[in-house]
Each structure stands twice: as C-alpha cells, then as structure tokens.
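First comes the structure, then the notes that go with it.
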Amino acid sequence: MNDILCSTGALIGRPNNRDYTLLKPLSEQLHCDGFEFMMYSSWYDEAERLVDFLQQIHLRVPVMHCEKHIGQACASEEKKDLEEAVSLFRINCEIAKKLGANRMVLHLWDGMVSDSHFANNLRAYRRLQETAEEYGIDILVENVVCNCGDPMSHWCELREAYPDIHFVFDTKMAAFHRQEELLYRPEYDWLWRDGHIRHFHVNDYGGGYMEWGKLKTLPIGDGHVDFDQFFSFIRKIHYQGSFTVEATAFGSDGAVDVEMLNRSFERIRGYLEAET
C-alpha cells in the first residue's frame, strides 16, 4: 500500500505567516493519506505549543522533514557549529517522535554553502545518525541540489562511508541536475534493490540544467519531468513505500490552492493503479 502524503511546507509559508493552525482546516479538505511535517527555524521557541496543537487535531505524520539550516551548520569548520546542529537535530527528533513519525527527511547540505565543504557534512552524518537512533528515527538523506558537486556523487560517497544509509529521491532535485534518468540505470540499481531509497518526493521542474531562477517546486504536469517513465519504473520494481507532494500551493496572499493539491494526489493514484 502506497501512502500519498502532502508536505506541510506546501501549505504553510511566509505569505500566511507560517501559521501552523491553518493545518486544521486545510487537512480536512485535502485528500491525502497523511502529511510530511516540515519544521521551520522560527518554530523552535514554540515547539511545545506546536506539538500540542498537532496532537490535538490528530494530524497523521508518518514522515517529518528536518529543519533545513541544520545541513548548512554541518558544513562548518567550527566545532561549536556542529554541536549546535546536533542540538537542533535532537529537537527535531523529539518532535518527530511525539508526532508519531519514524522517518526524518534530512538536507545534509543546504544554503549558500551547499556542498562546498562536503567532507564536513559527510563526517557530521554519523553524529546525526547516532542521535536519530536514540529516538528510533530513520534518517532519509535527500538528493538536495548542489552548487559544487552533484547529489548522486554525494549519495555514492555516503553509501561507501555508511553502507546502511537511507535516502529520499526528489524528482525535481534530480531534474535540476539532469540526474532523473540515473534512477533507471543498472549501475544505480543498488538504490532500490538494496532498499536505500525509502521515500520519494514527487515534484515537477520547469527549468534547464542548474537553472537556479526556476527552482520553484511545481505540481506534476507543470514542468518537464517524465512521470510516465517514472511511475512505470515504480510499478516495475513493485515499490510499496510512500510519496510526498511538495508543490507550492500558496500564493503571495497566502491563500492555498487545495484543488491543485487534490488533483496531484489523484494523478499519482492513477499512475500507481495503471498497468505496467
């Protein structure tokens, strides 16, 4: 059974003041199977109230998305920055456990620094992994866009250093680097054959190779990712895991396009039910 989730980051952002209480009315209108909860740095000071609210509305959160700036801190040469990153990551793990999430999407590298000091990020992963294990959380490293190297090369380095590592494959991130086809190549079949990929972000991309100005997350069909090929492959390998839709659904006024998201969920269901 495939879970189709909606990222709360697609619903809550700066235009609507990152008001997480909007999740109650929105969750009642969305036809997804649950949510991937996106943590924002501005919520650390009210983490307890946040968790209480999400528990009160019984939001189903099988996957949490770790606050993104942690990956940026992991790149630092300063020991204090790594300690801060681990401390903040621990808070993310505590929130995930309270919400019932047992998987954590991680941007191991992020921001302007991106993968420019990847050796530091590579070493930092062990500290994050040890912390996650204390909470029974499975870290899923995302193929986040890079400004120096490329995501697949970093995944290969991570697998060599940590043979049991798990990943989340984002179709948009892959398309940004023209790496979406790598998923289907025999030399990378270890990704799915050995169970390294545990989750997918299903998003479209409308730009060219590393076209930063067009990095906006689009709904399926609004870009040029070949989802016919993608889902044919998903059916072929009999993948039974989860997917998250992250397409930005709010405009400058903060209003959320619920219909667009529901169309995306239904389109994914249609792909999954099609014959191979």
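Answer yes or no: is there a residue in segment 173-180 that is closer than 30 Å to residue 26 by Cβ and touching a residue at least 60 places away in the same chain (Cβ under 8 Å). First the steps, then the outcome.
Pass one, segment 173-180, residues closer than 30 Å to residue 26 by Cβ: 173-176, 180.
Checking the rest, the ones that are also touching a residue at least 60 places away in the same chain (Cβ under 8 Å) come to none.
Checking segment 173-180: not a single residue is closer than 30 Å to residue 26 by Cβ and touching a residue at least 60 places away in the same chain (Cβ under 8 Å).
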| request: Go through segment 186-276 and tell me which helices (runs of 4 or more DSSP H), entirely inside it, have 1 or more residues that are within 18 Å of residue 142 (Cα to Cα). | output: 190-193, 227-236
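Among the residues of segment 131-142, which ones are among the small types (Gly, Ala, Ser) and surrounded by fewer than 18 Cβ atoms within 10 Å (Cβ to Cβ)? Steps first, please.
Filtering segment 131-142 for residues among the small types (Gly, Ala, Ser) gives 132, 136.
Listed by number, the list holds a single entry, 136.
A quick yes/no check of all residues on (1) open to solvent by 10 Å² or more (accessible area, probe 1.4 Å); (2) at pLDDT 95 or above; (3) out of contact with any Gly (no Cβ under 8 Å at 6 or more places or on another chain):
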| position | (1), (2), (3) |
| --- | --- |
| 94 | yes, yes, yes |
| 101 | no, yes, yes |
| 105 | no, yes, yes |
| 116 | yes, yes, yes |
| 122 | yes, yes, yes |
| 129 | yes, yes, yes |
| 144 | no, yes, no |
| 149 | yes, yes, yes |
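In this structure, is residue 81 out of contact with any Asp or Glu (no Cβ under 7 Å at 6 or more places or on another chain), modelled with pLDDT under 95, surrounded by fewer than 20 Cβ atoms within 10 Å (Cβ to Cβ) and more than 28 Å from residue 218 (Cβ to Cβ)? So that I can check it myself, show each step before the final result.
Working: out of contact with any Asp or Glu (no Cβ under 7 Å at 6 or more places or on another chain): yes; modelled with pLDDT under 95: yes; surrounded by fewer than 20 Cβ atoms within 10 Å (Cβ to Cβ): yes; more than 28 Å from residue 218 (Cβ to Cβ): yes.
The answer is yes for residue 81.
Filtering segment 208-226 down to residues that are under 18 Å from the mean Cα position of the chain (by Cα) and not β-branched (Val, Ile, Thr), which residue is farthest from residue 268 (Cα to Cα)? Give the steps one after another, and end with the answer.
Residues of segment 208-226 that are under 18 Å from the mean Cα position of the chain (by Cα), as a first pass: 215-220, 225.
When the remaining residues are screened for being not β-branched (Val, Ile, Thr), the result is 215-216, 218-219.
Numbers: 215: 22, 216: 20, 218: 14, 219: 11 Å.
Of everything passing the filter in segment 208-226, 215 is farthest from residue 268 (Cα to Cα).
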| task | Please go through segment 242-257 and pick out each residue that is open to solvent by 20 Å² or more (accessible area, probe 1.4 Å) and farther than 17 Å from residue 173 by Cα. | result | 250, 251, 252, 253, 255, 256, 257
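Based on what the data block shows, is residue 226 crowded, with 16+ Cβ neighbours inside 10 Å and of a type outside the set (Lys, Arg)? Write out each step before concluding.
Details: crowded, with 16+ Cβ neighbours inside 10 Å: no; of a type outside the set (Lys, Arg): yes.
No, not satisfied.
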| request: Looking only at segment 7-64, count how many residues are part of a helix (DSSP H, G or I), open to solvent by 10 Å² or more (accessible area, probe 1.4 Å) and among the polar types (S, T, N, Q). | output: 7
| Does residue 34 count as touching a strand residue (DSSP E or B) at 6+ places or on another chain (Cβ under 6 Å), more than 19 Å from residue 14 (Cβ to Cβ) and free of Cβ contacts under 8 Å to residues at least 40 places away in the same chain? | yes
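The values are calculated or read from the model by the stated rules, or taken from the named source; none is laboratory data. Keep in mind that what you see is a predicted model, and the values were worked out from it rather than measured. Positions of Cβ are generated from backbone atoms using ideal geometry, with glycine treated the same way; all protein chains shown enter the neighbour counts. Only protein heavy atoms, including side chains, enter the accessible area calculation; ligands, DNA and RNA are left aside. Shrake-Rupley method; radii C 1.70, N 1.55, O 1.52, S 1.80 Å.
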